[in-house]
Amino acid sequence: MWLLLAGRKAITRTMSSSSAASQGSQRRDRFCIVGAGPAGLSQARAFLRAGVPFEVIERHRDVGGIWDLENQGTPMYESARFISSKTLSAFFDFPMPGDYPNYPDHAQVLAYLRSFARVYGLHDHITFDREVAGAAPDGAGWRVTLRGGEERRYRGLVCANGMTWEPHLPDIHGRFDGELRHAVSYRGAEEFRGKRVLILGGGNTGCDIACDAAGAAEAAFLSLRRGYNFIPKHIFGLPADVFAEAMPKLPMRLRQWGFGLLLRLLVGDLGRCGLPKPDHRVFESHPILNTKVLDHLRRGQLTAKPDVRGFEGRKVIFADGSEAEIDLVLLATGYNKSFPFLDRACFEWAGNRPKGFLSVFHPRHDNLFTLGFLDTNAGVYEDFDRLAHLIACHLLDQQHDPARAARFRRKVEGAPPDLSGGIRFVASPRHASYMHHDALRAYLKKLVREMEWPALHPGCFEALRDSGSTPAGSHPGDRRLPHPQ
Ligand SMILES: Cc1cc2nc3c(=O)[nH]c(=O)nc-3n(C[C@H](O)[C@H](O)[C@H](O)COP(=O)(O)OP(=O)(O)OC[C@H]3O[C@@H](n4cnc5c(N)ncnc54)[C@H](O)[C@@H]3O)c2cc1C
């Protein structure tokens, strides 16, 4: 209740303070959220509800983050769809429209995000077309420099700038004389016409793009470093994550055994597609939700290859000694987490991952948060909401309940919780800070109970609906839909 009342007061306070603050650079009363993608929007809604003053700075002209193909530098491509189902991928208490397909495409995800921002009146709190170029601690707060030179001082910072903007580039021996680029710049299958194409990397993006290449390129190859489990998007007619959620909660090893067996029955022998056997059990690496790629391999429209050993002119040499003449190598090799506006030394790094409690709370700075940087095996928008809620609760405690704030800081600075869910994830940079979704959700619920913070519950954002000056649009997501649970 205290949270709701605080939230109501705050809507007025935040809006009036934002006009006052526009006259000067002192914004010590409020937080700066960097980015109006899904994570930034989630944090904005949580702050509005909690009454934590804030403003969002977004370098693009609209909300939606990577899902807007016009957002310069986005890794999104025309064939991209959600890989988690609409049923389990929505923000808390804001289901995706009922007429969406099980796996919405990028344009539908963008429309959903825009509808979210409209319904909760978030546009009023976002400054568009401004980029945060630098940020540094400044006394008790943070000094933020915008591109163009303007300096502002904030109480703190929530970095929601996204983790798929800076390509991770592997070091490959030799010189390649064809076209070599990272998948971040890939937009659509037309780029492959008349070319012999190699996609390097077997993650979800690599497999999506390999399917595009199979249909459009003169010859298409997919290079995989290891064997993976390929999960069909639907199992017995249900989206795979909905099916997995409905499975009995047996001990993890039993679940792995049962699901692994089911996969072998549904997907068949991967060896017949030219793929190596998975070198790990199911759930031990990020799920690849793509069996279309297997159809292309079986039909011969795509050829599987092992890891690349090196380049020699137009030739690519693979780990098994085979070679292929290639015109275009597309590196679907993932992304580095980065905060280009912060000094790298601001974080302690484990490889290319910044260390922090739950991927959000900084071990030293009590007013610096990173939302949207978690690696997990399911849709993340509700996790963003739950983590954004923790940030808001902790910030209220800093002002109103210092003893509880100190208790929480001890958790932040203590040993990290085990969120593996009993799974030994494969040893790769991507999985260095990987969390099992069930373990994360269970831990977050326990934490909220332990801290005696109010839990999120259906209807808890109701007072904010249609509170902004931007009228709700006609997108079906704008309608008040019941929470799916
Ligand atoms: C192909 C693909 C498929 C995916 N499928 C799923 C899925 O099925 N389910 C799921 O839950 N997740 C999925 N994801 C994960 C995806 O990362 C999230 O859906 C989501 O977009 C992340 O939100 P974000 O707000 O953290 O980051 P982003 O979407 O990257 O948004 C960050 C925002 O910050 C802005 N920004 C960055 N730097 C600055 C700056 N210095 N100053 C001002 N603004 C800045 C950017 O312009 C952008 O608008 C997928 C990702 C990809 C690439």
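The values are calculated or read from the model by the stated rules, or taken from the named source; none is laboratory data. Treat the numbers as computed from the prediction; the structure is a model and nothing was measured. Using ideal geometry, Cβ is built from the backbone for each residue, glycine included, and neighbour counts are taken over all protein chains shown.
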(Q) For the stretch 364-384, give me the residue count where each residue is within 15 Å of the ligand (Cβ to nearest atom), surrounded by fewer than 24 Cβ atoms within 10 Å (Cβ to Cβ), at pLDDT 95 or above and among the charged types (D, E, K, R). (A) 1
Q.
Need pairs with beta-carbon distance below 8 Å; first residue in the same structural domain as residue 45 (by TED's automatic domain parsing) and within the stretch 90-118, second charged (D, E, K, R) and part of a loop (DSSP other than H, G, I, E, B); sequence gap 6+ or separate chains.
A. 97/479; 102/233; 103/233; 106/78; 110/68; 114/62
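Looking only at residues in the stretch 63-95 that are β-branched (Val, Ile, Thr) and closer than 16 Å to residue 209 by Cα, which one is farthest from the ligand (Cβ to nearest atom)?
Kept after step one, since they are β-branched (Val, Ile, Thr), are these residues of the stretch 63-95: 63, 66, 74, 83, 87.
In the following step, the residues that additionally are closer than 16 Å to residue 209 by Cα were identified as 74, 83.
On the way: 74: 8, 83: 4 Å.
The residue in question is 74.
Would you say residue 414 is among the small types (Gly, Ala, Ser), on the phi > 0 side of the Ramachandran plot, surrounded by fewer than 18 Cβ atoms within 10 Å (Cβ to Cβ) and in the same structural domain as residue 355 (by TED's automatic domain parsing)?
On the way: among the small types (Gly, Ala, Ser): yes; on the phi > 0 side of the Ramachandran plot: no; surrounded by fewer than 18 Cβ atoms within 10 Å (Cβ to Cβ): yes; in the same structural domain as residue 355 (by TED's automatic domain parsing): yes.
So residue 414 fails the test.
So which residues in the stretch 87-145 are closer than 28 Å to residue 238 by Cβ and among the aromatic types (Phe, Trp, Tyr)? I'd like the intermediate steps shown before the answer.
As a first pass, look at the stretch 87-145 and keep what is closer than 28 Å to residue 238 by Cβ: 87-113, 115-116.
91, 92, 94, 100, 103, 112, 116, listed by residue number.
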Q.
Restricting to the stretch 29-62, give me the number of residues that are near the ligand (Cβ under 7 Å from one of its atoms) and not in a helix (DSSP H, G or I).
A. 8
Q | Pairs, first within 25 Å of residue 367 (Cβ to Cβ) in the stretch 378-390, second among the aromatic types (Phe, Trp, Tyr) and within 7 Å of the ligand (Cβ to nearest atom), C-beta under 9 Å, six or more apart | A | none
Q: Can you work out which of the residues in the stretch 105-129 that are part of a loop (DSSP other than H, G, I, E, B) and buried (at least 22 other Cβ atoms within 10 Å of the Cβ) is farthest from the ligand (Cβ to nearest atom)?
A: 121
Q. Which pairs do you get when a residue that is over 14 Å from residue 138 (Cα atoms), found in the stretch 24-36, comes within reach of a residue that is at pLDDT below 95 and buried (at least 17 other Cβ atoms within 10 Å of the Cβ), reach meaning Cβ atoms under 6 angstrom, with the pair 6+ apart or on two chains?
A. none
(Q) Take the conditions without any contact (Cβ under 8 Å) to a residue 40 or more places away in the chain, surrounded by fewer than 17 Cβ atoms within 10 Å (Cβ to Cβ) and more than 19 Å from residue 305 (Cβ to Cβ) and apply them to residue 271. Does it pass? (A) no
Q: Output the number of the condition that residue 337 fails; it satisfies all remaining conditions of (1) buried (at least 17 other Cβ atoms within 10 Å of the Cβ); (2) away from the ligand (no atom under 15 Å from the Cβ); (3) within 29 Å of residue 82 (Cβ to Cβ).
A: (2)
Q | Failed item, numbered, when residue 132 is tested on (1) more than 11 Å from the ligand (Cβ to nearest atom); (2) among the aliphatic types (A, V, I, L, M); (3) crowded, with 20+ Cβ neighbours inside 10 Å | A | (1)
